[in-house]
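Novice: Take a look at this one; I'll ask things after.
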Amino acid sequence: MKVELGIPATRETDIPSRDAVKFYQVGSYAVGNRLADVIDRSIQSDPHRFNSLTSGHRACQGCGEALGARYALDTAMDASDGDLVAVNATGCLEVFSTPYPESAWTVPWLHSLFGNAPAVATGVAAAMRAKGKETRVVAQGGDGGTVDIGMGCLSGMFERNDDVLYICYDNEAYMNTGVQRSGATPPTARTATTQPVGPKPGNVFGQGKDMARIAMAHEIPYVATATVADLRDLEYKVRKAMEFHGARYIHVLVPCPLGWGTPSNETIKLARLATQTGFFPVFEAEAGEVTSVQKIRRPAPIEEYLKTQRRFAHLFKPERDEETLARLQAICDRNIRRYGLIEEDMLDEDVLERVLSAPTDPEGRYASIRQAAAQTKRAKAESAAQSAPTEKLPDESFSTVMRPELARDGLLMADASQGRSHTTAGSGTAEDRPLSERRMDEDDVVLAEVEVVPSVEEEQK
């Protein structure tokens, strides 16, 4: 039976400051910040902000991670009245902000190993409680230290519901060590460790992890996704996360000009396109349930997001890979339908039909699993067929229950006429009649001596 899939009715994320600020011709909040009341202005518009990540760091021009970290930490510092400790995993953010003996951080800051930032942050939070302090703790890392190397520690932090806000700055690869593939690298994206040439270069479909949904599966108090393209949304979610106690997780998309092969002045544009195409859904969830999403005004085609990135250039040159582009578009359409990123009545009929008909498994994860299971089943069947006896008496069956006393004496009951062996506990025949028509007579069988190889214990005796 075919199940009709529709777009669920979801609430748009309500950001109070956004309602008081209008879009101007420049398409940003720059003018609105100066005209709005102080309470409605962004943290970054305040000249007296904490400036947690200050000038002097070594980030690349247009680095999305540097923007995301400053936005997030300044908001967390404001929400905690400056009583905060940051724990940083190894990665780009740690390397470009703290070249020994310098540091661009103006907050209490600790550097952990690549994969144990959640565990270190848990220890810091426990130490603060033991000292009777209410100091808040924020842990942060890139996608490599979060989705791959540090996933075990992070899952443990979620399971224990430790009072830590963990922020992942996702640039979709190990950028600091040379742009190697991570568990957050999207399908078909080229990295230093993916297939460079051939019919299907780049990262394969069906791999990787959706870390925000994994966090939701732990049913922790708060999970959210965000991008550096929407400062208001990111600040709102960090501030809201600081209102909770227990484990919280925010996944922030931060484009990397170096690793993505894009102009440094298009970081914000790319982050916005990732949202507007549906490739990176922006939402928030509480206790494992999605509570609100960032709605899309009009979905942009996925190729608008891909074509300016050098890591996807092979999809357009020397000729367009229509099949792969269609699969990537299906991922976007599935996300739009899954999270209700746009209302049905806001879509054109052709786009609505495409979204509603998008496959539930566009990456082919389950198809590959079913194919592997079918191959295993087929191989077992072929193996069983090859090991089956080639000769079989018509209309007869044999029971081969062995009598231990006969085995010890080296005696077996053998069928005199057919050469079949069986025990007196079984059944056999020396005639061509079926077993159901007669009973075995003593004359039908003879005793045959069989050489039995003694065991090691018997030889020792």
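A short reminder: the numbers here are calculations on the coordinates, not readings from a lab. Only a predicted model underlies this, so the values are computations on that prediction, with no experimental measurement involved. When we count neighbours, we look across all protein chains shown, and the Cβ atoms used for this are built from the backbone with ideal geometry, even at glycine.
Novice: Sum up the lysine pairs in segment 16-368 that clear both bars: alpha-carbon distance under 26 Å and a spacing of 8 or more or different chains.
Specialist: Taking segment 16-368 as the scope, the lysine pair count is 24.
Novice: I would also like to ask the following. Only residues of segment 284-326 count here: report those whose backbone N is under 13 Å from the spot 7 Å along Cα→Cβ of D14, or say none.
Specialist: Counting backbone N atoms under 13 Å from the label point, the list is 292-293.
Novice: What's the ranking of 274-281, 212-219 by average number of surrounding C-beta atoms within 10 Å, highest first? Intermediate results must be reported in sequence, preceding the final value.
Specialist: On the way: 274-281: 22.9, 212-219: 18.1.
Output ranking for 274-281, 212-219: 274-281, 212-219.
Novice: A follow-up question, please. Output wanted: per-residue J couplings in Hz (rounded whole) for segment 255-263, from phi through Karplus 6.51 cos²θ - 1.76 cosθ + 1.60, θ = phi - 60°, x for Gly and Pro.
Specialist: Per residue, the Karplus-derived 3J(HN,Hα) values read x, 10, x, 5, x, 8, x, 10, x Hz.
Novice: While we're on this one: Need one number: nm distance between label points at D361 and S103, each 7 Å from Cα along Cα→Cβ, rounded to one decimal.
Specialist: So the two model labels end up 4.9 nm from each other.
Novice: Calculate, in nm to one decimal, what T376 and V197 gain on full extension: separation in residues at 0.36 nm each, minus their alpha carbon distance.
Specialist: So the extension gain works out to 61.4 nm.
Novice: Please list 255-262, 130-137 highest first by mean number of surrounding beta-carbon atoms within 10 Å per residue.
Specialist: On the way: 255-262: 22.4, 130-137: 13.1.
Descending mean neighbour count gives 255-262, 130-137.
Novice: Could you tell me the relative contact order of segment 16-368? Use alpha-carbon pairs under 8 Å, at least six residues apart, and round to a whole percent.
Specialist: Working: 676 pairs, mean separation 49.3, N = 353.
Contact order relative to length: 14 percent.
Novice: At 0.36 nm per residue, minus the direct Cα-Cα distance, what do D81 and E353 gain on full extension? Give it in nm, one decimal, please.
Specialist: 93.0 nm is the gain from fully extending D81 to E353.
Novice: Something else about it: For a Förster distance of 51 Å, can you work out the FRET efficiency between the beta-carbons of D210 and S387, rounded to the nearest 0.05?
Specialist: Values: r = 43 Å, r/R0 = 0.85.
Efficiency, from the Cβ-Cβ distance: 0.70.
Novice: Please report the antiparallel percentage of DSSP beta bridges with both residues in segment 16-368, rounded to the nearest 5.
Specialist: On the way: 9 of 34 bridges.
Roughly 25 percent of the DSSP beta bridges within segment 16-368 come out antiparallel.
Novice: A follow-up question, please. Using modelled amide H (1.01 Å from N, peptide plane; none on Pro or chain starts), what sits under 5 Å from the amide H of Q294, excluding residues fewer than 5 places away?
Specialist: T13, V282, F283
Novice: Using a 7 Å offset from the Cα along the Cα-to-Cβ direction at both R129 and H218, what is the distance between the two label points in nm, to one decimal?
Specialist: Going from the R129 label point to the H218 one covers 1.5 nm.
Novice: Which of rounded, prolate, oblate describes segment 31-186, given a ≥ b ≥ c as roots of the alpha-carbon gyration tensor eigenvalues and a/c under 1.5 marking rounded, otherwise prolate only if a/b is larger than b/c?
Specialist: Taking the square roots of the gyration eigenvalues as a ≥ b ≥ c, segment 31-186 is oblate.
Novice: Sort 294-307, 88-101 by the packing proxy (mean of other Cβ within 10 Å over each peptide's residues), most packed first.
Specialist: Numbers: 294-307: 17.4, 88-101: 19.4.
Top to bottom by mean Cβ count within 10 Å: 88-101, 294-307.
Novice: List the residues whose amide H sits under 5 Å from the amide H of W109, counting only those 5 or more places along or on another chain, with H placed 1.01 Å from N in the peptide plane.
Specialist: A86
Novice: What is the calculated FRET efficiency for E322 to A287, with r their C-beta to C-beta distance and R₀ = 41 Å, to the nearest 0.05?
Specialist: On the way: r = 42 Å, r/R0 = 1.02.
It comes out at approximately 0.45.
Novice: Two decimals is fine: what is log10 I(q)/I(0) at q = 0.07, 0.08 Å⁻¹ for segment 16-368, from a Debye sum with one equal scatterer on every Cα and no solvent?
Specialist: Taken in order of the listed q values, log10 I(q)/I(0) reads -0.29, -0.38.
Novice: A follow-up question, please. Can you tell me what share of the DSSP beta bridges in segment 172-264 is antiparallel? A percent to the nearest 5 is fine.
Specialist: Details: 2 of 8 bridges.
In segment 172-264, DSSP labels about 25 percent of beta bridges as antiparallel.
Novice: Among DSSP bridges having both ends in segment 45-151, what percentage is antiparallel? Round to the nearest 5.
Specialist: Working: 1 of 9 bridges.
Approximately 10 percent, going by the DSSP bridge assignments.
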